[in-house]
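Step one of this worksheet: look at the structure below.
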Amino acid sequence: MAAQQQRRTPPKAPTTAKRKGKSGNPAARVYDEVRPARFSDWVAGARIPTLPMSISPVLVGTGAAIAASDPGQYHWVRALLCLVVAVSLQIAVNYANDYSDGIRGTDRDRVGPFRLVGSGKATPKAVLTAALIFFGIAAVAGLALTILTAQWWLLIVGALAIVAAWFYTGGKRPYGYLALGELFVFIFFGLVATVGTTFVQILDVTQEAWFGAIGVGLISVATLIVNNIRDIAQDRVAGKRTLTTFLGTVPSRVLYIVCLLAPFGIAVWIAILFPVAWFALFALLAALPAAIIVATARTPKEYILALKLTGLTQLLYGIALFLAFWK
């Protein structure tokens, strides 16, 4: 009788420290001992070192607007709204990228910046919510700009920017997985952000805005390239076809250096009419070490350092052109 009772008693489930998340996320492995994401984790997930990609275009575009406007006609409120749009949109892209790559499993073996979903510290739903909040902030600020300028077609531009930001890694066929991410970055974080900032302030576009847009756009492309070079092995395993996985490491390094240094030629051209633009060459103090690191890097930490130096280059470049146009 005792033996039969023992056979009928179901065995206890083995205790393990590891459990699958309820979100259906195939990448995250949520461990009981891992604490939920703290505020510092959310800040890290926003990828602060990449934010000069959104700040620099607004600086350059605002400087170009000041250079073309009459004294006393500068619209600082519109400039501030442009900054809110650009920064919020980029943070939204970063969270959306974290969410989309996380649920696909692309972030399973990442060696780069902290990922909220891939680390298991935040659920995909929470990260998606954060992305939508920042998309909303960008949309509200963009709507305010549209009302202030009475240029209602700007709503279409804003909608396209949000759609492009989402489908970078979102949707069934994200174009970031089809070697088109660099094109998106150049268009929206270079041309649209810079020229758009100038336009909403003076309702016109100038040569200074276009030249500056190309410069900051190329540095933004360099930012994405160095990020993708660091992740090239993991992206190939995950099936993420970035431009870097298509070209290979060595050609991508060359392209990175070209995109990083070519804007200084543009700065020299601008300095012919705006001498203060010569100060943009001080950004080479960050750009040249970044180029050397990328040319010789062997470890992910080196690429992360190069990414930070690229962001610093972008910020210094934007400040220099802003001051040049302002003077």
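Structure notes:
- Label-point separation, Thr129 to Ile272 (7 Å along Cα→Cβ), nm: 5.5
- GNM flexibility winner over the chain from Ala92, Ala213, Ala126 (Cα, springs under 10 Å): Ala126
- Put a dot 7 Å past the Cα of Leu155, heading toward its Cβ, do the same for Phe282, and the two dots end up 4.4 nm apart.
- Of the chymotrypsin sites (Phe, Trp or Tyr not before Pro) found in segment 111-152, those that fall in a DSSP loop while having at most 14 other beta-carbon atoms within 10 Å are Trp152.
- Cα-based shape type of segment 24-326, given that a ≥ b ≥ c are square roots of the gyration tensor eigenvalues and the cut on a/c is 1.5: oblate
- Neighbour counts of C-beta atoms inside 10 Å place Val84, Val250, Val127 in the sequence Val250, Val84, Val127, starting with the fewest.
- Only one residue of Val195, Val185, Tyr175 has its Cα farthest out toward the positive end of the dipole of segment 24-326, where Lys and Arg carry +1 and Asp and Glu -1 on Cβ, and that residue is Tyr175.
- Most fluctuating residue given options Lys121, Lys240, Lys301, as computed from a GNM of the chain linking Cα atoms under 10 Å: Lys301
- Here Asp231, Asp204, Asp70 are placed in order of increasing Cβ neighbour count within 10 Å, fewest first, which gives Asp70, Asp204, Asp231.
- Farthest towards the positive end of the charge dipole of the chain, among the residues Thr249, Ser54, Val276, is the Cα of Thr249, using unit charges on the Cβ of Lys, Arg, Asp and Glu.
- Crossing angle, helix 300-326 versus the chain [Cα axis fit, 0-90 degrees, rounded to tens]: 30
- Note on Thr223, Thr206: ascending count of other Cβ atoms within 10 Å places them as Thr206, Thr223, the fewest first.
- Virtual spin-label span in nm between Leu323 and Asp70, 7 Å along Cα→Cβ: 3.0
- Relative to the longest principal axis of the Cα atoms of the chain, the long axis of helix 249-271 makes an angle of roughly 30 degrees.
- Karplus-derived 3J(HN,Hα) values for segment 188-196, using 6.51 cos²θ - 1.76 cosθ + 1.60 with θ = phi - 60°, are 8, 9, x, 5, 5, 5, 6, 5, x Hz; glycine and proline are entered as x.
- Evaluated with a Cβ-only charge set (Lys, Arg +1; Asp, Glu -1), the chain carries a dipole of roughly 2000 debye about its Cα centre, given to the nearest 20.
- On Cα atoms only, tilt of 284-296 relative to the major axis of the chain in degrees: 40
No value in this document is a laboratory result; all are computed from the given coordinates. Bear in mind that the values here come from a model prediction, so they are computed numbers and not experimental data. Counting neighbours? That spans all protein chains shown, and the Cβs are built from the backbone with ideal geometry, glycine included.
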